[in-house]
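*Asks:* Structure below; questions to follow.
The values are calculated or read from the model by the stated rules, or taken from the named source; none is laboratory data. Remember, it's a predicted structure, so these values are computed and weren't measured experimentally. Ideal geometry is used to build each Cβ from the backbone, glycine not excepted, and the neighbour counts take in all protein chains shown. The accessibility values were calculated without ligands, DNA or RNA, using every heavy atom of the protein model including side chains. Shrake-Rupley method; radii C 1.70, N 1.55, O 1.52, S 1.80 Å.
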Amino acid sequence: MSQIELLAPAGDLQRAKVAFLYGADAVYVGGKRFSLRARASNFEIGDLKEAADFAHSMGKKLFVTVNMIAHEEDLDGLESYLKELNEIHVDAIIVASLAIAQLAQQMNLSYEVHLSTQLSITNSKAMEFYKSLGIDRVVLARELDLQTITDISSNTILPTEVFIHGGMCVNYSGRCTLSNDMTLRDANRGGCAQSCRWAYELTENDQVISKQEDPFTMGSKDLQTLDLIENLIQSKVVSLKIEGRMKSAYYIAVIVKAYRLWIDALLNKTADQSLRDQLIKELNQAENRSTFDGFLNALPNRNGQVYVNQEEAVVQNFIGTVLKVKDDEVLVEMRNNVKLGELCEVFGPSKLNESFILTSLYDEKGNLIQTANKPMAKLIMKIPCVVHVGDFIRRKGNL
Amino acid sequence: MRILLQVHSLDQIKTFQDPLVDYVLRDPFFSYKHPSLQTKEDFLEILKDTLLSHHKTYIEINGFIEESDLIGLESWLKELLTYPIQGFYFADLAVLMILKSLNYQGETIYSPETILTNTLEIKTLLALVDRLVISKELTLEEIVKISKTFPQRIEMFGAGHLQMSVSRRPLLSSYLQEIGLSKEVINKTDYRIRELKRKEMMPILEESKTFCVFTQDILNPLEELPVLNQSEIYGIQLDDLFIDKKDAQNFFQLIIDQVKETDLHQIKSFYKINKLPLFKGYFERKTNLRQEAI
């Protein structure tokens, strides 16, 4: 099997570093302008430069999304922005606009131009068209099955990238204006209100046929494809992409590490059922959302939809992030409750997770406490194993 | 300004004989939004009639082409090219690539429903095709600016229920399965959805490969026609999908009349008797509010 890129999202510099440290080969981020997730972005040009430098110091890559479907009023400053991205040496931009792609080429910029999934590319003929325009890579539509991905990618017209994990638009990307119409928020300019996930009444000839307790909705389950990664590697796809520029650092760490471990195990021929089961647990507990394998195996049916506003059992394994380490004393910024006596573990990028029982817990002033329950509070824990700044402390729970 | 009429039935050809009107037929194999044109025989029958009428006839192929359909598409395009078709609308650039490979010399019109929203994008694409159908979510001001910049090369959706979304998933069938109802839903135009906190009853349509949601209200360009005419827009598309045929006939005929000569009195008279839920679409609604602004 050939090497393959693991591409992760990040909404800010800290999350970009987390993604790289936990095993992403490349990270995609959006700046504060011209990006669909401008809302999720904390990337000023200086942050983008730091992220690019960080990536390159590890032999990795930084991609920047310039994927807004711009209206006339949005275009001011585009050229200088593209130039700035070149000056800070980003490795690629991801665009949904052929005009922006051509502009980047005319400006003779050194980064690659990748076409976003917003263009819903579903066949090799369309790829030939985009190749003729000098595009370097395409992100395929999420609506493709494994065989089609293999057929298209094997043609090697252009390198292909596919989504392997995270939220899914239920509609063809870029072709939905539900949010525009229902909330005046332009989905193609980063304002999607996710109206597809709302509850609706369904009528047939003016008679209500939907169930009050289980209303009609178009919300999709999230994508999760661990069991199909081997097939995707064999399909000649060059990049496996995780969705979620608005997700937390912990989420990114868990998801990236799980896919990193699995890809490496497959490539090294050490993948086994035990590792697979452990990673599936990790993926399922990273966030409380139902998942499925998208279009890869079959056209989604009711099993791909989220029909009832299910109150999923909230999993709060994540306790906090390590801010400082001095001997065995660790300063942690808390996210979820923790109490003395709980079985916890250190979750870091490069090692097996080490477990410990929490036997000492202090508030920031050094007062011994039994329970901590104020999110964002600073806690001091004594942890009897190797811990690094940036590691995550979590409850062992069901993991 | 041309009137580009989506033809769903033979009746429409008989009704709309005005020389201002060109006909557009959605193909039955690689398109959606054609619930009444399902078989090749039906399609070819109407195609032959439109050609006999001596109106310009266009074919629209608006679906996303799947890899496994490329060979079938090429063979279908070859067959279509044996007819004197004026041009092709398409949403997938694979159609353009195949037409080029077949040495097709007629008109090409790129119509991706959304994503054509600024002059930079449009200039780039007009280097590759003859005309473009611009996005629906544009204000009148934006439409006029684009149209004036590229005279006679821009089209827009002009009247009918606005399509809001298109999914590859069979969302209606899946839901009915979820609640244990068994119904034939494909190509049926009887279904509506209403968001629980809103009043609007939005038409939905499930076809063999798509599921679409449309606006409850019908885009009405009557008062904007003089401005659009002056902007040198090439044409506006009219689609009577989900509209009562008689009501659509009256409404569309009025639009055709108004394109030829503005008569505000006629419009006012129409409004007095009209029962269609008309609205102005995005003509005066800017949809640039982002989530953080709410």
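*Asks:* Can you tell me how many residues in segment B:1-37 are closer than 17 Å to B:F242 by Cβ and open to solvent by 30 Å² or more (accessible area, probe 1.4 Å)?
*Replies:* 3
*Asks:* Take the residues in segment A:67-101 that are part of a loop (DSSP other than H, G, I, E, B) and within 8 Å of chain B (Cβ to nearest Cβ), then tell me which one is surrounded by the fewest Cβ atoms within 10 Å (Cβ to Cβ).
*Replies:* Looking at residues that are part of a loop (DSSP other than H, G, I, E, B) and within 8 Å of chain B (Cβ to nearest Cβ), I get A:L75.
*Asks:* Tell me which residues, restricted to segment B:171-184, are of a type outside the set (S, T, Y) and either open to solvent by less than 20 Å² (accessible area, probe 1.4 Å) or in contact with a strand residue (DSSP E or B) (Cβ under 6 Å, 6 or more places away or on another chain) (or both).
*Replies:* B:L171, B:L172, B:L176, B:I179, listed by residue number.
*Asks:* So B:S75 passes all but one of these: (1) among the polar types (S, T, N, Q); (2) surrounded by 18 or more Cβ atoms within 10 Å (Cβ to Cβ); (3) free of Cβ contacts under 8 Å to residues at least 40 places away in the same chain; (4) outside any loop (DSSP other than H, G, I, E, B). Which condition number does it fail?
*Replies:* (2)
*Asks:* If you scan segment B:143-153, which residues turn out to be closer than 17 Å to A:L75 by Cα and open to solvent by 30 Å² or more (accessible area, probe 1.4 Å)? I'd like the intermediate steps shown before the answer.
*Replies:* The initial filter retains those residues of segment B:143-153 that are closer than 17 Å to A:L75 by Cα, namely B:143, B:145-146, B:149.
If the condition is that a residue be closer than 17 Å to A:L75 by Cα and open to solvent by 30 Å² or more (accessible area, probe 1.4 Å), then B:K145, B:T149 are the ones that fit.
*Asks:* Which of the residues spanning segment A:269-300 are among the aliphatic types (A, V, I, L, M) and part of a loop (DSSP other than H, G, I, E, B)?
*Replies:* Scanning segment A:269-300 gives A:A271, A:L296, A:A298, A:L299.
*Asks:* Any idea which residue in segment B:112-128 is farthest from A:F129 (Cα to Cα), counting only those that are aliphatic (A, V, I, L, M) and open to solvent by 10 Å² or more (accessible area, probe 1.4 Å)?
*Replies:* Here the answer is B:L120.
*Asks:* For segment B:272-288, how many residues are more than 12 Å from chain A (Cβ to nearest Cβ) and surrounded by 14 or more Cβ atoms within 10 Å (Cβ to Cβ)?
*Replies:* 6
*Asks:* Let me ask something additional. Within segment B:195-213, is there a residue that is within 7 Å of chain A (Cβ to nearest Cβ), at pLDDT 95 or above and closer than 19 Å to B:Q237 by Cβ?
*Replies:* Looking through segment B:195-213, at least one residue is within 7 Å of chain A (Cβ to nearest Cβ), at pLDDT 95 or above and closer than 19 Å to B:Q237 by Cβ.
*Asks:* Within segment A:105-113, is even one residue within 12 Å of chain B (Cβ to nearest Cβ) and open to solvent by less than 10 Å² (accessible area, probe 1.4 Å)?
*Replies:* Scanning segment A:105-113 turns up no residue that is within 12 Å of chain B (Cβ to nearest Cβ) and open to solvent by less than 10 Å² (accessible area, probe 1.4 Å).
*Asks:* Tell me, please, whether a residue that is crowded, with 21+ Cβ neighbours inside 10 Å and not aliphatic (A, V, I, L, M) can be found in segment A:259-272.
*Replies:* Within segment A:259-272, one or more residues are crowded, with 21+ Cβ neighbours inside 10 Å and not aliphatic (A, V, I, L, M).
*Asks:* Could you list, ordered by first residue, the pairs with Cβ atoms under 8 Å in which the first is in segment A:275-301 and within 14 Å of chain B (Cβ to nearest Cβ) and the second is at pLDDT below 90, at least 6 apart or interchain?
*Replies:* A:S290/A:Q310; A:S290/A:E312
*Asks:* With respect to A:S120, determine if the residue is open to solvent by less than 10 Å² (accessible area, probe 1.4 Å), within 11 Å of chain B (Cβ to nearest Cβ) and among the hydroxyl-bearing types (S, T, Y). Write out each step before concluding.
*Replies:* On the way: open to solvent by less than 10 Å² (accessible area, probe 1.4 Å): yes; within 11 Å of chain B (Cβ to nearest Cβ): yes; among the hydroxyl-bearing types (S, T, Y): yes.
Against the criterion (open to solvent by less than 10 Å² (accessible area, probe 1.4 Å), within 11 Å of chain B (Cβ to nearest Cβ) and among the hydroxyl-bearing types (S, T, Y)), A:S120 qualifies.
*Asks:* For segment A:131-150, enumerate the residues that are out of contact with any strand residue (DSSP E or B) (no Cβ under 6 Å at 6 or more places or on another chain) and farther than 21 Å from A:T225 by Cβ.
*Replies:* A:K131, A:S132, A:L133, A:G134
*Asks:* OK, next. If you take just the strands (runs of 3 or more DSSP E) that sit entirely in segment A:155-225, which of them hold at least 1 residues that are within 7 Å of chain B (Cβ to nearest Cβ)?
*Replies:* In segment A:155-225, the matching strands (runs of 3 or more DSSP E) lie at A:200-204.
*Asks:* Read through the list (1) surrounded by fewer than 12 Cβ atoms within 10 Å (Cβ to Cβ); (2) at pLDDT 90 or above; (3) touching a Lys or Arg at 6+ places or on another chain (Cβ under 8 Å), then give the number of the only condition that A:G366 fails.
*Replies:* Of everything listed in (1) surrounded by fewer than 12 Cβ atoms within 10 Å (Cβ to Cβ); (2) at pLDDT 90 or above; (3) touching a Lys or Arg at 6+ places or on another chain (Cβ under 8 Å), A:G366 misses just condition (3).
*Asks:* Answer with yes or no whether A:L223 is within 27 Å of B:I115 (Cα to Cα) and either open to solvent by 10 Å² or more (accessible area, probe 1.4 Å) or at pLDDT 95 or above (or both).
*Replies:* It is true that A:L223 is within 27 Å of B:I115 (Cα to Cα) and either open to solvent by 10 Å² or more (accessible area, probe 1.4 Å) or at pLDDT 95 or above (or both).
*Asks:* Give me the pairs: first residue in segment B:117-135 and among the hydrophobic types (A, V, I, L, M, F, W, C), second residue open to solvent by 20 Å² or more (accessible area, probe 1.4 Å) and part of a helix (DSSP H, G or I), beta-carbon distance under 8 Å, and six or more apart or on different chains, which are they?
*Replies:* So the pair list comes out as B:L120/A:L103; B:I122/B:T149.
*Asks:* Taking segment B:97-122, which residues are facing chain A (nearest Cβ under 7 Å) and in a helix (DSSP H, G or I)?
*Replies:* The answer is B:M97, B:I98, B:T119, B:L120, B:E121.
*Asks:* Which pairs have Cβ atoms under 6 Å, sit 6 or more apart or on different chains, and link a residue in segment B:196-220 that is touching a residue at least 12 places away in the same chain (Cβ under 8 Å) to one that is among the hydroxyl-bearing types (S, T, Y)?
*Replies:* From segment B:196-220, the pairs are B:I204/B:Y191; B:E207/B:Y32; B:T210/B:Y32; B:F211/B:S167; B:V213/B:S165.
*Asks:* Could I ask something else about it? Residues A:N231, A:N171, A:N188: which one is of a type in the set (S, T, N, Q), surrounded by fewer than 18 Cβ atoms within 10 Å (Cβ to Cβ) and touching a residue at least 24 places away in the same chain (Cβ under 8 Å)? Before the answer, list the steps.
*Replies:* Values: A:N171 fails: surrounded by fewer than 18 Cβ atoms within 10 Å (Cβ to Cβ); A:N188 fails: surrounded by fewer than 18 Cβ atoms within 10 Å (Cβ to Cβ).
Among A:N231, A:N171, A:N188, only A:N231 is of a type in the set (S, T, N, Q), surrounded by fewer than 18 Cβ atoms within 10 Å (Cβ to Cβ) and touching a residue at least 24 places away in the same chain (Cβ under 8 Å).
*Asks:* Here's something else I'd like to know. Tally time: how many residues in segment B:244-286 are outside any loop (DSSP other than H, G, I, E, B) and out of contact with any Ser or Thr (no Cβ under 9 Å at 6 or more places or on another chain)?
*Replies:* Residues flagged as outside any loop (DSSP other than H, G, I, E, B) and out of contact with any Ser or Thr (no Cβ under 9 Å at 6 or more places or on another chain) within segment B:244-286 amount to 23.
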